[in-house]
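Undergrad: Provided herewith is a single structure, encoded as structure tokens, for subsequent inquiry.
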Amino acid sequence: MPMNRIQFQPGLSLPAFLEQFGAETHGETALERARWPEGFRCPHCGEAGHDVLRQRGRKTFQCQCCRVQTALIAGTVFQSTPLVLTLWFLAIYLISQVKTGLSALALKRHLGVSYPTA
Ligand SMILES: [Zn+2]
């Protein structure tokens, strides 16, 4: 019988996930690389020169040319979320690792968030 390659995908173990995305800075780095694979570019003027700020704990880039500030999560699915990226990445990991689906109640219990948040 032929082997189903989908079932035998290598996947990502929980220890490997925690090593790669377990800290807020890891999630920020991953998101930054996904948004700007060749480094930050100002969405307003296109310049690369920038300063990094922290506003309410969120990583924000300020263009050195036009001074426009761009939050790392602005324009992404994480925009306006009060949750830390670590929690979002953990939710994505949990949802993507189960073969049978994950209920909102189970996700709520795993993450320690409210049911509507889950
Ligand atoms: Zn700019």
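Undergrad: Scan the range 42-49 and give yes if some residue there is in contact with a strand residue (DSSP E or B) (Cβ under 9 Å, 6 or more places away or on another chain), buried (at least 16 other Cβ atoms within 10 Å of the Cβ), of a type outside the set (Asp, Glu) and under 15 Å from residue 71 (Cα atoms), otherwise no.
TA: Within the range 42-49 (the criterion being in contact with a strand residue (DSSP E or B) (Cβ under 9 Å, 6 or more places away or on another chain), buried (at least 16 other Cβ atoms within 10 Å of the Cβ), of a type outside the set (Asp, Glu) and under 15 Å from residue 71 (Cα atoms)), the answer is yes, since at least one residue qualifies.
Undergrad: What is the number of the single condition among (1) farther than 29 Å from residue 13 by Cα; (2) at pLDDT 95 or above that residue 104 does not meet?
TA: The failed condition is (1).
Undergrad: Among the residues of the range 58-72, is there at least one that is small (Gly, Ala, Ser) and in contact with a helix residue (DSSP H, G or I) (Cβ under 9 Å, 6 or more places away or on another chain)?
TA: no
Undergrad: Within the range 59-86, restricting attention to residues that are of a type outside the set (S, T, N, Q) and surrounded by 17 or more Cβ atoms within 10 Å (Cβ to Cβ), which residue is farthest from the ligand (Cβ to nearest atom)?
TA: Filtering the range 59-86 for residues that are of a type outside the set (S, T, N, Q) and surrounded by 17 or more Cβ atoms within 10 Å (Cβ to Cβ), the one farthest from the ligand (Cβ to nearest atom) comes out as 85.
Undergrad: Further question: Confirm whether residue 23 is under 21 Å from the mean Cα position of the chain (by Cα), at pLDDT below 95, of a type in the set (A, V, I, L, M) and within 16 Å of the ligand (Cβ to nearest atom).
TA: In short, no.
Residues are listed down the side, and each one gets a yes or a no for (1) within 26 Å of residue 6 (Cα to Cα); (2) without any contact (Cβ under 8 Å) to a residue 40 or more places away in the chain:
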{"residue": "20", "(1), (2)": "yes, yes"}
{"residue": "33", "(1), (2)": "no, yes"}
{"residue": "43", "(1), (2)": "no, yes"}
{"residue": "97", "(1), (2)": "yes, no"}
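The values are calculated or read from the model by the stated rules, or taken from the named source; none is laboratory data. Note that the structure is a prediction, hence the values are computed from the model and not measured. Backbone-built Cβ (ideal geometry, glycine too); neighbour counts: all protein chains shown.
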